[in-house]
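See structure below.
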Ligand code: PS7
Ligand code: MN
Ligand code: MN
Ligand code: MN
Ligand code: MN
Ligand code: MN
């Protein structure tokens, strides 16, 4: 464990770590355990992307404000003192942008190669978000095909995988071969993002945000809203099971990716969220509660997952096997995807 010397930290760094705690429930703990060489770069990377997401997520921002901000984020990172107070008062991470000059200062103090990576990912993500915001404003996102769903997840999460992998390799904590396998780091992001989209379906629906692709939900219900109606519960469960099946296809690539990590703190940083994700998928699988309220894995399960994800790849594979077996047991022949789900679980159970 590497302790930061908080009294020697400049004020702007302290502000960044405070924002990390405030804006991330799941990532702040794992980021703070990262090797000192990448601790601040990853914290700043997180806050830059959280800033972008806070612009993307705010429905009160007109497209004419939103689009140039998203596309112009690489420039913003050059502007000393830039802040933004245009988010609606109830936007949860509004203050991050109101005090964004702290993030910009710390960004500018990073080593040049780290800055290049963070700026490049902010550029690609901002443009991808802008493209989908335009589409969401005109027709909504619940019309997506499966390929469009994967592309959206690539922009908001697969690119995070690319950026992190470039940081790991630059710091010599990852096998440079990982850079030649974009499918692997993309899978790391897609697996997390798809799990988030599955679990948050109720909350996102309340905010009028629909990410489940039409290519999937239209096989089960006529209108997206029907997923939340009691008389369609069986169809909704089959639909969510197909969403889980879609996410499970990334598992083997995620486990291959983890085999390329060479430093323990980075391994933990990568493995913990992946383990939490497979446990969350298991919790959501054929669980009607997810259509009524937010479901969350228990504190006890989360603790066990932390312990198991900070050992080595063999133990992490064991975690994946355990949850795949539980999904397998809940699978039912009433489900139109019964066979496919059974095969997908069987593959994970036999992996390594
Ligand atoms: C730089 C650690 C480890 C190779 C802010 C980590 C929101 C699922 O949608 O707040 O607000 O409910 O729960 C993270 C790959 C990205 C993908 C994406 C930056 C793993 C802006 C995480 C995270 C790649 C877009 C969770 C993708 O957010 O979501 C750093 C390797 C940010 C990772 C968003 C979502 C993250 C997410 P929401 P959450
Ligand atoms: Mn978003
Ligand atoms: Mn968000
Ligand atoms: Mn999101
Ligand atoms: Mn979400
Ligand atoms: Mn969230």
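The values are calculated or read from the model by the stated rules, or taken from the named source; none is laboratory data. Since the model is a prediction, treat every value here as computed from it, not as a measurement. In this analysis, Cβ positions are derived from the backbone assuming ideal geometry, glycine residues included, and neighbour counts consider all displayed protein chains.
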### Query
Taking region 248-284 as the region of interest, how many residues are closer than 25 Å to residue 170 by Cβ and part of a helix (DSSP H, G or I)?
17
### Query
Any idea which of 190, 255 is more than 16 Å from ligand 2 (Cβ to nearest atom) and either in contact with a helix residue (DSSP H, G or I) (Cβ under 8 Å, 6 or more places away or on another chain) or free of Cβ contacts under 8 Å to residues at least 12 places away in the same chain (or both)?
255
### Query
Mind checking which residues of region 284-295 are surrounded by 18 or more Cβ atoms within 10 Å (Cβ to Cβ) and within 16 Å of ligand 6 (Cβ to nearest atom)?
284, 290
### Query
Within the bounds of region 45-66, is there any residue that is over 30 Å from residue 135 (Cα atoms), surrounded by fewer than 19 Cβ atoms within 10 Å (Cβ to Cβ) and in contact with a helix residue (DSSP H, G or I) (Cβ under 6 Å, 6 or more places away or on another chain)?
no
### Pairs with Cβ under 7 Å, 6+ apart, first in region 41-59 and more than 15 Å from residue 89 (Cβ to Cβ) and in a loop (DSSP other than H, G, I, E, B), second away from ligand 6 (no atom under 15 Å from the Cβ) and modelled with pLDDT of 95 or more
none
#### Entry: Subset of region 20-35 that is free of Cβ contacts under 8 Å to residues at least 60 places away in the same chain and near ligand 1 (Cβ under 8 Å from one of its atoms) - its residue that is farthest from residue 92 (Cα to Cα)
25
### Task
Would you check if residue 302 is at pLDDT 95 or above, farther than 17 Å from residue 347 by Cα and not in a loop (DSSP other than H, G, I, E, B)?
yes
### Task
Output the residues belonging to region 195-243 that are at pLDDT 95 or above, surrounded by 13 or more Cβ atoms within 10 Å (Cβ to Cβ) and in a loop (DSSP other than H, G, I, E, B).
200, 211, 212, 213, 218, 219, 220, 221, 229
## Note on the structure
residue 122 passes all but one of the listed conditions (1) farther than 22 Å from residue 78 by Cα; (2) in contact (Cβ under 8 Å) with a residue 40 or more places away in the chain; (3) crowded, with 23+ Cβ neighbours inside 10 Å; the exception is number (1)
### Query
Within region 89-97, can one find any residue that is within 16 Å of ligand 5 (Cβ to nearest atom), under 23 Å from residue 130 (Cβ atoms), crowded, with 16+ Cβ neighbours inside 10 Å and touching a residue at least 40 places away in the same chain (Cβ under 8 Å)?
yes
### Message
I'd like the full set of residues that are in a helix (DSSP H, G or I), farther than 11 Å from residue 103 by Cα and within 16 Å of ligand 3 (Cβ to nearest atom), limited to region 11-27.
### Response
22, 23, 27
### Query
Is at least one residue of region 325-336 buried (at least 16 other Cβ atoms within 10 Å of the Cβ), in a loop (DSSP other than H, G, I, E, B) and out of contact with any strand residue (DSSP E or B) (no Cβ under 8 Å at 6 or more places or on another chain)?
yes
### Task
Go through the residues of region 165-177 one by one and say whether even a single one is within 16 Å of the chain's Cα centre (by Cα) and under 22 Å from residue 129 (Cα atoms).
yes
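Conditions (1) within 16 Å of ligand 5 (Cβ to nearest atom); (2) closer than 30 Å to residue 137 by Cα, marked per residue:
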| residue | (1), (2) |
| --- | --- |
| 182 | no, no |
| 204 | yes, yes |
| 211 | yes, yes |
| 220 | no, yes |
| 229 | no, yes |
| 237 | no, yes |
| 246 | no, yes |
| 267 | no, no |
## Note on the structure
In the set 183, 158, the lone residue that is within 12 Å of the chain's Cα centre (by Cα), at pLDDT 95 or above and assigned to a helix (DSSP H, G or I) is 158
### Summary
The lone condition residue 182 fails out of (1) touching a helix residue (DSSP H, G or I) at 6+ places or on another chain (Cβ under 8 Å); (2) more than 16 Å from ligand 4 (Cβ to nearest atom); (3) within 30 Å of residue 334 (Cβ to Cβ) is (3)
### Message
Which condition from (1) more than 16 Å from ligand 4 (Cβ to nearest atom); (2) part of a helix (DSSP H, G or I); (3) at pLDDT below 95; (4) under 30 Å from residue 286 (Cβ atoms) is the one that residue 147 breaks?
### Response
(3)
### Query
Do the conditions hold for residue 69, that is, is it part of a helix (DSSP H, G or I), more than 18 Å from the chain's Cα centre (by Cα), away from ligand 4 (no atom under 16 Å from the Cβ) and under 26 Å from residue 169 (Cβ atoms)?
no
